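K.L.:
One structure is given below, represented as structure tokens, and several questions about it will come after.
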Amino acid sequence: MLQFISGKLIDGTDNALIEVIDPSNGATVETGRAASPSDVGDAVAAARDAFPDWSREAPSTRSAALIRLAGILADRADALVESEVSQTGKPTKLAAGFDIPGTIDNASFFAGAARALEGKGAAEYSPEHTSYIRREPIGVIGSIAPWNYPLQMAGWKILPAIAAGNTVVIKPAQITPLTTIAFAQACADAGIPDGVVNVVTGYGAIAGEALVAHPGVSMVSFTGSTTVGRRIMKIASESAKRVQLELGGKAPMVVFDDADLEAAIHGAVAAALINTGQDCTAATRVYVQQPLFDQFVDGVAEVMSQIRLGEPRGESTDLGPLSSLAQQTRVDGYVRRAESYGAKIITGGAIPTKGWDGSDLTRGSYFEPTLITGVDQRSEIVQEEVFGPVLVALPFESDAEGISLANDTQYGLAASAWTRDVYRANTASRELAAGCVWINDHIPIISEMPHGGVKGSGFGKDMSSYGFDEYTTVKHVMFDITGNARKDWHRTIFAGNESPGDAR
């Protein structure tokens, strides 16, 4: 059963089936009926019923529940790792070292954020009144999460929302719902009331659009492609819903000619291949200043050739499969078209048949780590999100040219600059059009700092106190402190300076 509504695991009522597949071997992990619009309605009703009591709980109560949740997630870490690996194909060492610990840390962070509401200080900004700010929950949050980091994205959406006193209906990607359901069950076991966290697993055009359009949903949070994000904005606008979007990315690295070459090479390979390149902030374009370009390309090719591609549960496996055969076909299509347009494939570029240990990979959706050069800035493999283990390297001459090329896509989620020069670093951090800019690194995230983009990468923030603020509304309360029935400003309404009762 792939739905979790009002504290209960149930089956969906749509005629369509959902099949969760292990992308490393094609085996079926779980099946169930998809959520229908009726199921979405039931989940929203449960969230609306739970909202009044949950929103009025003391922040300390919500905080305590999230502290218990963090402990439960830690106790279940091994099971969560196995479930995440089975539905995504990511290496065990990535799930165990990044996804699950990061989610536990997020739970701990938002437990603290629940008790640290921020706002302007109460004061007499007008001599006759005391003003103060209330931060209040918004209502029912309709969340839609992607398939690349199912558990982490569920945490990013659910944790700040419920910490602020909202209730949630989340739709995970239909190919990776298992750890989102496990997260919701952990919330219930932590004492979070039924209906506060609900999961509907269905298809985007049916369950997803029903959730976004539902009149009982007050805000929509979406992580996914820019194309779908625009569709969600259009639907949400019809009922004037608040929207928070973390959309696609095409993150550049800019390697200046004074950079630590070894650090840049290793950083590029790691940042391009994390999660098999299925990461919106993964390094996908690297611009290298002459005369370092040839050395950089040779170095990246050498390091990439040492990456061990294979069964994700193997202790020595570095890279697992893509999320699905459809994604494998998509990535291969980008590479084949680039090759037909004259691109040079330096290493990789193919669907492998054997793993690093000789294991058979033909039943999975694997793709080799790939480095490409010789492409034009306007080509699709430079401009569009491939979402696979593919890195494109291009040279540049002047500092200004490097920054300009890095900014020359519709996206603006993340970027990095590599230099030993503090002035270059500060200029790059200012000029790179991205929601996050790393200097001499690329990928690390922390709970205390925000994640979100600009331009076609969306707006709003996940994680951090800024992410918490996304799920609150600001209310201004103004108290008269004079006790006077007749206010000075009334003269703008009444004749002369008299109230009607003064006239005789």
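The values are calculated or read from the model by the stated rules, or taken from the named source; none is laboratory data. Treat the numbers as computed from the prediction; the structure is a model and nothing was measured. As a convention, Cβ positions derive from the backbone with ideal geometry for all residues, glycine included, and neighbour counts pool all protein chains shown.
K.L.:
Does residue 293 qualify as being hydrophobic (A, V, I, L, M, F, W, C) and buried (at least 24 other Cβ atoms within 10 Å of the Cβ)?
P.N.:
Details: hydrophobic (A, V, I, L, M, F, W, C): yes; buried (at least 24 other Cβ atoms within 10 Å of the Cβ): no.
Criteria not met by residue 293.
K.L.:
Please enumerate the residues belonging to region 1-45 that are more than 29 Å from residue 92 (Cβ to Cβ) and in a strand (DSSP E or B).
P.N.:
5, 8, 10, 33
K.L.:
Within region 335-371, which residues are crowded, with 20+ Cβ neighbours inside 10 Å and among the hydroxyl-bearing types (Ser, Thr, Tyr)?
P.N.:
Matches in region 335-371: 365, 366, 370.
K.L.:
If you go through region 256-281, how many residues are part of a loop (DSSP other than H, G, I, E, B) and in contact with a helix residue (DSSP H, G or I) (Cβ under 6 Å, 6 or more places away or on another chain)? Lay out the reasoning, then the answer.
P.N.:
At the first step, the residues of region 256-281 found to be part of a loop (DSSP other than H, G, I, E, B) are 256-260, 278-281.
Of the ones still in play, those that are also in contact with a helix residue (DSSP H, G or I) (Cβ under 6 Å, 6 or more places away or on another chain) are 256.
Number satisfying all stated conditions: 1.
K.L.:
Pairs under 7 Å by beta carbon, first residue among the polar types (S, T, N, Q) and modelled with pLDDT of 95 or more in region 365-392, partner surrounded by fewer than 22 Cβ atoms within 10 Å (Cβ to Cβ) and assigned to a strand (DSSP E or B), six or more apart or different chains?
P.N.:
Final answer for the pair search is 370/345; 370/347; 373/344; 373/346; 377/394.
K.L.:
For a quick check of your reading: which strands (runs of 3 or more DSSP E) sit entirely within region 93-175 and have at least 2 residues that are in contact (Cβ under 8 Å) with a residue 12 or more places away in the chain and within 18 Å of residue 4 (Cβ to Cβ)? Please lay out each step first, then the result.
P.N.:
Details: elements: 123-126, 129-137, 140-144, 167-171.
In region 93-175, the matching strands (runs of 3 or more DSSP E) lie at 140-144, 167-171.
K.L.:
To continue, here is another question. So, in region 472-494, of the ones that are of a type in the set (Ser, Thr, Tyr) and modelled with pLDDT of 95 or more, which residue ends up nearest to residue 131 (Cα to Cα)?
P.N.:
482
K.L.:
Here's something else I'd like to know. Quick test for you: out of 80, 2, pick the one residue that is crowded, with 22+ Cβ neighbours inside 10 Å, of a type in the set (A, V, I, L, M, F, W, C) and in contact with a strand residue (DSSP E or B) (Cβ under 8 Å, 6 or more places away or on another chain).
P.N.:
2
K.L.:
Restricted to region 404-438, and to residues that are out of contact with any Phe, Trp or Tyr (no Cβ under 9 Å at 6 or more places or on another chain), in contact (Cβ under 8 Å) with a residue 40 or more places away in the chain and not polar (S, T, N, Q), which residue is farthest from residue 338 (Cα to Cα)?
P.N.:
Among those residues, the one meeting the criterion is 436.
K.L.:
A further question follows. From the set of residues in region 202-233 that are of a type outside the set (Gly, Ala, Ser) and farther than 17 Å from residue 141 by Cα, which is surrounded by the fewest Cβ atoms within 10 Å (Cβ to Cβ)?
P.N.:
In the first step, residues of region 202-233 are kept if they are of a type outside the set (Gly, Ala, Ser); the result is 203, 206, 209, 211-212, 214-215, 217, 219-220, 222-223, 226-228, 230-233.
From the residues that got through so far, the ones that are farther than 17 Å from residue 141 by Cα too are 203, 206, 226-228, 230-231.
Working: 203: 17, 206: 17, 226: 19, 227: 11, 228: 19, 230: 13, 231: 18.
My answer is 227.
K.L.:
Only one of (1) within 23 Å of residue 20 (Cα to Cα); (2) touching a Leu at 6+ places or on another chain (Cβ under 9 Å) is not met by residue 348, so which one is it?
P.N.:
So residue 348 meets the others, but not (1).
K.L.:
Are there any pairs, at least 6 apart or on different chains, whose C-beta atoms fall under 7 Å, with the first in region 188-207 and touching a residue at least 60 places away in the same chain (Cβ under 8 Å) and the second part of a helix (DSSP H, G or I) and polar (S, T, N, Q), and if so, which?
P.N.:
Between residues of region 188-207 that are touching a residue at least 60 places away in the same chain (Cβ under 8 Å) and residues that are part of a helix (DSSP H, G or I) and polar (S, T, N, Q), the close pairs are 199/180.
K.L.:
May I ask you to list the residues in region 203-215 that are assigned to a loop (DSSP other than H, G, I, E, B) and more than 16 Å from residue 243 (Cβ to Cβ)? So that I can check it myself, show each step before the final result.
P.N.:
Going residue by residue through region 203-215, those that are assigned to a loop (DSSP other than H, G, I, E, B) are 203, 214-215.
Answer for region 203-215, where residues must be assigned to a loop (DSSP other than H, G, I, E, B) and more than 16 Å from residue 243 (Cβ to Cβ): just 203.
K.L.:
Let me ask another. Of the residues 259, 251, which single one is within 16 Å of the chain's Cα centre (by Cα), surrounded by 17 or more Cβ atoms within 10 Å (Cβ to Cβ) and not hydroxyl-bearing (Ser, Thr, Tyr)?
P.N.:
Working: 259 fails: within 16 Å of the chain's Cα centre (by Cα).
Being within 16 Å of the chain's Cα centre (by Cα), surrounded by 17 or more Cβ atoms within 10 Å (Cβ to Cβ) and not hydroxyl-bearing (Ser, Thr, Tyr) holds for just one of 259, 251, which is 251.
K.L.:
Mind checking whether some residue in region 421-433 is under 26 Å from residue 111 (Cα atoms), over 13 Å from the mean Cα position of the chain (by Cα) and at pLDDT 95 or above?
P.N.:
At the first step, the residues of region 421-433 found to be under 26 Å from residue 111 (Cα atoms) are none.
No.
K.L.:
If I filter region 65-82 for residues that are part of a loop (DSSP other than H, G, I, E, B), among the basic types (Lys, Arg) and touching a residue at least 12 places away in the same chain (Cβ under 8 Å), do I get at least one hit? Don't jump to the end; show me each part of the working.
P.N.:
Step one: list which residues in region 65-82 are part of a loop (DSSP other than H, G, I, E, B), which gives 76.
Among the residues that remain, those that are also among the basic types (Lys, Arg) are: 76.
Still in the running and touching a residue at least 12 places away in the same chain (Cβ under 8 Å): 76.
Yes, the conditions are met somewhere in region 65-82.
K.L.:
Filter region 346-369 down to the residues that are of a type in the set (Asp, Glu) and over 29 Å from the mean Cα position of the chain (by Cα) and list them by number.
P.N.:
First, pick out the residues of region 346-369 that are of a type in the set (Asp, Glu): 357, 360, 368.
Residues satisfying the conditions are 357, 360.
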